[in-house]
Structure formats: structure tokens, C-alpha cells
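Data first, discussion second: the structure below is written as C-alpha cells.
The values are calculated or read from the model by the stated rules, or taken from the named source; none is laboratory data. Please read these numbers as outputs of a predicted model, since none were measured by experiment. As a convention, Cβ positions derive from the backbone with ideal geometry for all residues, glycine included, and neighbour counts pool all protein chains shown. Please note that ligands, DNA and RNA were not included when accessible areas were found on the heavy atoms of the full protein model with its side chains. Shrake-Rupley method; radii C 1.70, N 1.55, O 1.52, S 1.80 Å.
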Amino acid sequence: MPADPADTAIATDDLFTTLRPRLFAIGYRMLGTRADADDLVQDTWLRWQAAEHGTLASAEAWLVTVATRLAIDRLRAAKVEREAYVGFWLPEPLVQLDEHTPEAAAEQAGELSVALMWVLERLAPEERAAYLLREVFDQDYADIAATLGKSEAACRQLVHRAAERVRREQPRFAVPREAHRRVLERFIAAARSGQRDAMQALLAENAELVGDGGGRVPSFGKVLRGAFRIANLFFAGTRRFGDGLVYRAATVNGEPGLLRYVDGVLESAQAFVSDGERIVAIYAVRNPEKLARIASRP
């Protein structure tokens, strides 16, 4: 007896729903915003609806390939737009997510840190895709080659070049989550009370701060370097806003971070890199468009 078309449609819909978090994870890591990742998933869905499902050797491989190729095309266009972006471009932060959302599933799919995505932003689109498929989603080179339409040797070279750049530019420390959180909690306490020396002691001498204001709010046009300068920046905020400055511990892209509010309004979401004893890097997203989906008040 032939399968009921309605049952077949339900089965294909269920399969897509099951794989949707993975497709979102690819979209977010490639494009850096939830809206772009959602659009990519929707475009993949439309192509899935038009596909001849019975002819597919692997529905999962087909969906990942479509999503990845769409992401590469979108990233090429986005890179042209981002050349005109004012200041540094950081990803839209994923903050305090419910465990059942696609964004939370994206966190669980592997490395998501702002520090990594800061480096990935400077890779070519196909390098970024190859690196993510291999290092984050653990695909073998045969599947990556099929997805990108390249030879396995070419894909190995893409991953190698990308991995070398990531290792060179991204601070990496094997730090237990609780150690990371304790350092950040001490830093937040010092920032709240305006203890400049205590903040400086918790910052590595060569610490860096990258800010993203998007031209909509003031931000640094260059990377701020040095424990003294960064501590002074936080101290100046305490002096200027007093009790109107509120810090709230948060999970930012799967790692301990903070939300900073000024006079009751969200001013920034900040991601931190720690070596377990001191803070090595801070990534502060201040562009209001990228903060829109985060709780606007403490």
C-alpha cells in the first residue's frame, strides 16, 4: 500500500524540525546575527519543501549543504556591507537563553565564543565554512568536500589555514567554567564599587578590549590595550554614572559575561576571556540593534 502523502509530509516536516537547531547553529556561526540565521533557516525550509525527498541519499547532508551554501553566499554579500560598518563588527550576543530555543541548541553544538567569532569574521567565507564544519560540527572531509563542491585536499587546506589563524589570533585557555566565573564575579564587584586598583589587578597586563558601537553609540575606533587603560575606563563609568550604573552577571555566547545598564537601560553586553586568574580580553557589544533582543532593563 503506497504511503499516504499527508504522512510523508508530516515525516519530512518532523525531520526538518529535528535538524532546525543545527541549521540555525550553522547560520549564526557563519553570519553572526539571529535574524540572518533565522532567514537562512527559512530559505533552507523553502528549498526543502520544493525538493524531491525520495531521491535524496541523506536528507541531513542535503539540508546542511543547502544551509552552508546559502550562508557562504550571504556572507559574501555581508562582507561588502560590513566594509562600511563604523568601527569593529562583533556578533549579536546570545544572552541568557532558554534551553529549548534554537539559540540554546546552537550553544550546545560546540564553540560559540565571541572571541572565536571575532577571529572567524576575518576569514574568507569558504574558509569559515570549512573550519566550522570540521572543527565545530565534526564533519569528515568527504562530507565537507561534497558540501563545498571542492576536493578533499582543497578542504583540508582551507581548514588548515583557518585553524592556523584561529590559533594565532584567539586566546585559548583550558579554564574550568567556575574559575572563569569567579574571576568575573570579582571584577564585577570591583567595578560596582569603583575599586580601580582591584580591577587592574584582575586584568592581564596585555589585556585587550574590543568595542562595537556600530556608529550608533560612541565606541573605540581601535582596540584598547593594557590593564591600566581598561581599568580606568570602567572606573570612569562608575565616577560618571554612580548608582545609575548596574552590572548583571550573564551567560554570553555560552560563557560567563555581563550585562551593563546605565540609568535602567541596557548599555552593553560584554564577553570575557580569562586564563583562570585574570581577564585577558573583553568584547563589548554596544550597538543598540544587536542588544534589542536582550532584556532592556535589569
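Note on the chain: with a GNM built from Cα contacts shorter than 10 Å, the maximum mean-square fluctuation among Gly211, Gly244, Gly87 falls on Gly244. To the nearest 0.05, how large is the calculated FRET efficiency for Ala198 and Phe173 if R₀ is 22 Å and r is the Cβ-Cβ distance? That pair, Ala198 with Phe173, gives E of 0.55.
Reported to the nearest whole Å, the Cα centre-to-centre distance from the range 259-276 to the range 119-163 is 33. Carbon-plus-sulfur accessible fraction, the range 193-298 (probe radius 1.4 Å, protein heavy atoms only): 47%.
How long are the three semi-axes of the equivalent ellipsoid of the range 149-298, in whole Å, if each is the root of 5 times an eigenvalue of the C-alpha gyration tensor, listed from largest down?
Numbers: eigenvalues 180, 72, 43 Å².
Three semi-axes, in Å: 30, 19, 15.
Where only protein heavy atoms count, and the probe is 1.4 Å, what is the accessible area per residue for the chain in Å²?
Computed with neighbouring chains in place, this is 48 Å² per residue.
Dipole size of the chain about its Cα centre, with +1 on Lys/Arg Cβ and -1 on Asp/Glu Cβ: approximately 1580 debye, rounded to the nearest 20.
Relative to the dominant Cα principal axis of the chain, helix 177-193 is inclined by about 40°. Under the convention that each Lys and Arg Cβ holds +1 and each Asp and Glu Cβ holds -1, the size of the dipole of the range 110-203 around its Cα centre is about 480 debye. Label sites at Glu60 and Ala35, each approximated as a point 7 angstrom past Cα along Cα to Cβ, lie 3.3 nm apart. In the chain, Cα pairs under 8 Å separated by at least six residues give a relative contact order of 18 percent. Across the range 113-126, coupling constants 3J(HN,Hα) worked out from phi with the 6.51/-1.76/1.60 Karplus curve, θ = phi - 60°, read 4, 4, 4, 5, 5, 4, 6, 4, 4, 9, 8, 5, x, 6 Hz, and Gly and Pro carry x. The value for the chain of Rg(Cα) / (2.2 N^0.38 Å) is 1.10.
Taking amide H atoms as placed 1.01 Å from N in the peptide plane, the amide H of Leu203 lies under 5 Å from those of Ile279, each 5 or more residues away in sequence or on another chain.
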